[in-house]
Each structure stands twice: as C-alpha cells, then as structure tokens.
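Okay, so here's the structure we're looking at.
The values are calculated or read from the model by the stated rules, or taken from the named source; none is laboratory data. Just so it is clear, the model here is predicted, and its values are computed rather than measured. Cβ sites come from the backbone with ideal geometry, for glycine too, and all protein chains shown count toward neighbours.
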Amino acid sequence: MVERRSRWAQAVHTARWLARTPWPILALDLLRANIIGAIFTFAFLRFGMPSDHAMTFTDASVRNQVAFLVYLLLATVFGALLSIKLSLPVLIWHRQRSRPDNGFARRRALALPRMLTIANIGLWVVGGLILTVMTGMTSGRTAIIVALGSSIGALVTAALSYMQSEKVLRPITVAAMANDPDAVKSPSVSTRIAMFWVIVVALPQLVIIVLAASVPLGIAEARSVIRPILWMAFAAMAFGILAVYRLVSAINDPIKQLRQAMGEVSDGNLNAAVRIYDGSDIGLLQAGFNEMVADLRERQELRNLFGRYVGEDVARRAIETGTELGGEDRYVGVLFVDIVGSTRLAVQHAPHEVVAQLNEFFRVVVDVVGRHGGFVNKFQGDAALAIFGAPLELDNFAGRALAAARELRIELESALGDTDFGIGVSAGRAVAGHIGSEQRLEYTVIGDPVNEAARLTELAKDEPARVLGSARAVFLGDDAEAEHWEIGEGVELRGRGIETLLARPLIGPISDLSDDDHDDEAAEADV
C-alpha cells in the first residue's frame, strides 16, 4: 500500500511539474493534428470515393468498430506516454537554471520534433494495418480503401504535427542551438516547400487524375466520380490554406525577427541579436546575422578604443585611408601645456592622488581642445600636445589654438587649485603623418611649430598669465582672435637659433603660487 501511494504521489508530482513546462501545449497541438488527420481520413472514405465505393462508420462490422475504438483509446494513451518519455530529458535539462552542457539533452531537443512526428506516423501505420487486416477478412476492396485513407491521414497528421512541435519547442531549441548552430541538420526551406507541395497539390491532383481516367476506362461512371473530384478539390484547397499558413508562419516569423533586429542595428544598437531556433537555412541565416553583428560590435569597440588612444579623427582617417608610413605638409596650430612642480606633487601625495590629479588635468585639456576643433596628440607624463589642423584640415587653425589656450588657462586654474602650469602656442608649417615601423607606429606632427610651442611653455611658467604664444600664430589667426593678444618683445628660444616675437593674452594674471613650484621644475629640467 505504501509503495502504491508512493508511485501515485510521484505520478501526481510529475504531472504538476509537466503542467509548468511546454509539454501540455505540445500534447494539445499533437492531439489537434491527429484529430484533423482523422477527420480528413473519414471524410475521404465517406466523400472522397465514388458513391459505390464510399464507406460510412455503420458499414463496418461491430467487431471492427470495437477494435477501432479500443485502438484509438490505447493509441491516445500510448502516444501521450511516449511523448512524455521522449520529452522528459529535454524538459528537465531546459528547466535547470545553470543548464550544463548536456550533449544528449541538446541532441534530443533538436531531434524532438522529428521523433514525435515519427511516433505519430508509427501509430497511424499500426492502426491502419490493424484495420486493413480486419477489413480484409470480409472485403478486399474495402481493405484497400481503408489502407489508402490511413496513408492520407498519416501524411496530413505528420505535416501538421511537425510544424506545430517545431513552433512550441522554439524556446528549448534556442537553448540547444546556442553553442553550435551550424551542427544542426533540419529540412531546408526548399525541402519543406517540396514536401507540402506533394501533400497539398500533387497527391490530390493525382487522385483527381485517377478518378477522371476511370471513366473512359469503364471502371466508374461519370456521375459517380463527380462528388469525389469536387470533394478532393475542396479538401486540397482547405488543407492547402492551413498548410500554407503554417509554412508561411514558420518562415515569416524568423524573417520578421531579423528585420526588427536589423532596424535596431541601423539605429545604433550593436547588442541586438536574434534567437536561433531553426536548423535549416533560416537558422543559418539567424546565426550569420548574430555573427555579423558581433563582428560589427567588435570593430566598433576596437575603433572606439583606437580613437581613445590616438583621437577620433586619426582613427577615422586611418580606417578610411589606411596607415601607411610617411607624412604630408600641413599648416597647423600647436598647443603645449605642462604642469609645474610634478616632482613635488609625486613626493607629497599618494600615487592614487597623483593619478587622480593628472586625470583631471588631462580631462580639462581634452574637453577644451575638442571644443575648439583640435585633438590631443600625445600625453607626455604631466604634459599634453594638442594639434589643430591635422589630420583633418581646419579653417583658422591658428586662431582656434590661441582661443583654446586662453580658455584652457581659465579652466585649469579652476580645476587644479594650487597646481601651477604653463601653456605655449605656436603655428606654422609642419609634417603630419605616421612614423615608426610596420609593426608599431603612431600618428604625430613634427616641425618647428611643435618645438616653438614646447619652448614657449617653459617661458610661460614664469609669466603672470601662464600663457605665451608666438606672433606668427597671431598673424596666421583671424582678426577677431588677434584682438585678444598683445605682441611683445623678441627672444631667442633654446635650441632654435632665431628670434621669436612673443604674444601675450589680454587676461589677468593667475593666482600667486609658491616659488617652490618653479624650483622643483628647474630641478626636473636639470635632471
């Protein structure tokens, strides 16, 4: 008694568990496919045959009727149990949260629609054979008709059950195909269309041809074949609508999903992906789309990373035109900015505080330079080199560099607090391009304006405004920017050998800072 209760409790527990899985919907769809196949079969036996060969349920003997009803009940129960046995390993695997890589469960999940369809066909074949044999004991003609009707019902049921089970099991198929979608083999789209054409068009047409040919051959009278021909045409049309609807839905659903995902990608969402639930050409198309988007996402990430290191303009130009070694002559504006007293800063503060200070310094530099159309070409310790006019040509390159220097002075004074700095600006002809080797290169600007800006930065650290420009930069800029600068004396900058006219911005002096900063900077220069 205890063992019986235990089995009953286990059965109830399994039934409750199955109720929370896709199996009930799957079982109902399979039952519906069998009912449609049975209706089609009985309608064929009753209306699809000539009147002198047509059958009704009452034409069968009591023995055959009882055998049919008993087999129908047994087939229903056996089919349900068989579907549970085939589906249970897949359902258990799919319900697990961790979902380990169970090769057997994945293969069973991908083969489940085919296995369930074969099981349905097997039940129809067995039932058709039993009824054919029992009918053949009394009438060979009737046995042939029963066998023909059972074959047609099996084909109809197989087509519907395969499509329905594929649709219901899509969430499980998605998980099963996640690791290796290319390894899945399912009927291709062309194969499926051909199969439906055979069932929906070819077979009904063949029956109609046989019926029509039976009249001139003297097998049947013209009046007796009119009804079966009309029924066969109507049945082909009705089943054709149902089959085509299922087939179009199976093809159209993934296409709609692809179109929606393509729309998301075109809107800039490179995280879009489609669920792969088909092992045919459509599944390969879904997998190919996901791989394409993954490649685009990787390229975008690399491009963003590349742009963060070398600047967006340099990255865009490198992607569009390549990265050959060499350079080209360009008129550019150059801005050089350097922190004063970085040695003292490193000694008196913790490393993470120094890094935070430098990151804030570089953030301000990048923001200000970017607003004026330039890009920061290099970070050199506690200094930065910004270029205006390369790699992309820029109108008023010198004026933009001068305006950026004035704004940068104000922004840095506010952001850095008691940390001092110097800013130098120059403009003129330089060579801009990629230097290095084929294995390792960088984009840079080389020429007198770069050297001049660096030397002016050294002098700017002793200026009240902490900014110095060259008169050449002012002359190359526009008149509006020139009004903010005053041309001063000429000096010979270290290492140049020619005189440079200085230009000072018409802004107030920076807040007074300790002379220790300049002593530290001088010590750094000596080192």
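Scanning region 364-381 for residues that are farther than 20 Å from ILE446 by Cα and in contact (Cβ under 8 Å) with a residue 24 or more places away in the chain yields a total of 6.
Within region 32-43, residues that are in contact (Cβ under 8 Å) with a residue 60 or more places away in the chain sit with their Cβ atoms under 6 Å from residues that are among the β-branched types (Val, Ile, Thr) and assigned to a helix (DSSP H, G or I), at 6+ positions apart or across chains, in these pairs: ALA33/THR157; ASN34/THR157; GLY37/VAL156; GLY37/THR157; PHE40/VAL156.
Having 2 or more residues that are under 30 Å from ARG106 (Cβ atoms), touching a Lys or Arg at 6+ places or on another chain (Cβ under 9 Å) and at pLDDT 70 or above is the bar; report the helices (runs of 4 or more DSSP H) wholly within region 140-229 that clear it.
Working: elements: 140-168, 170-176, 189-197, 203-214.
Hits in region 140-229: 140-168, 170-176.
If you scan region 377-417, which residues turn out to be within 18 Å of LEU468 (Cα to Cα), touching a helix residue (DSSP H, G or I) at 6+ places or on another chain (Cβ under 8 Å), assigned to a helix (DSSP H, G or I) and of a type in the set (A, V, I, L, M, F, W, C)? Listed by number, the residues that qualify are PHE397, ALA398, ALA401, LEU402, ALA403, ALA404, LEU408, LEU412.
The sole residue among ARG108, ARG114 that is under 17 Å from SER165 (Cβ atoms), buried (at least 18 other Cβ atoms within 10 Å of the Cβ) and of a type in the set (Lys, Arg) is ARG108. Here is the figure for region 364-411: residues that are surrounded by fewer than 19 Cβ atoms within 10 Å (Cβ to Cβ) and either not hydrophobic (A, V, I, L, M, F, W, C) or not assigned by TED's automatic domain parsing to the domain that holds ILE339 (or both) total 10. When SER470 is tested against (1) over 14 Å from ILE339 (Cα atoms); (2) hydroxyl-bearing (Ser, Thr, Tyr); (3) under 48 Å from the mean Cα position of the chain (by Cα), exactly one condition is not met: (3). The residues listed here are VAL491, VAL445; of these, the one that is out of contact with any Phe, Trp or Tyr (no Cβ under 6 Å at 6 or more places or on another chain), assigned to a strand (DSSP E or B) and within 21 Å of VAL368 (Cβ to Cβ) is VAL445.
Out of the residues in region 468-488 that are of a type in the set (Asp, Glu) and outside any strand (DSSP E or B), which is surrounded by the most Cβ atoms within 10 Å (Cβ to Cβ)? If we take residues in region 468-488 being of a type in the set (Asp, Glu) and outside any strand (DSSP E or B), then GLU481 is surrounded by the most Cβ atoms within 10 Å (Cβ to Cβ). Within region 409-436, residues that are closer than 13 Å to PHE362 by Cα and touching a residue at least 60 places away in the same chain (Cβ under 8 Å) reach partners that are part of a strand (DSSP E or B) and acidic (Asp, Glu) with beta carbons closer than 7 Å, at six or more positions or on different chains, in the pairs PHE421/ASP338.
When SER414 is tested against the conditions (1) crowded, with 20+ Cβ neighbours inside 10 Å; (2) at pLDDT below 90, the lone failure is (1).
Residue-wise test of (1) assigned by TED's automatic domain parsing to the domain that holds ARG429; (2) modelled with pLDDT of 90 or more; (3) over 52 Å from the mean Cα position of the chain (by Cα).
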{"position": "ILE446", "(1), (2), (3)": "yes, no, no"}
{"position": "VAL450", "(1), (2), (3)": "yes, yes, no"}
{"position": "ALA460", "(1), (2), (3)": "yes, yes, yes"}
{"position": "GLY490", "(1), (2), (3)": "yes, no, yes"}
{"position": "GLU499", "(1), (2), (3)": "yes, no, yes"}
{"position": "GLY508", "(1), (2), (3)": "yes, no, yes"}
{"position": "ASP515", "(1), (2), (3)": "yes, no, yes"}
{"position": "GLU521", "(1), (2), (3)": "yes, no, yes"}
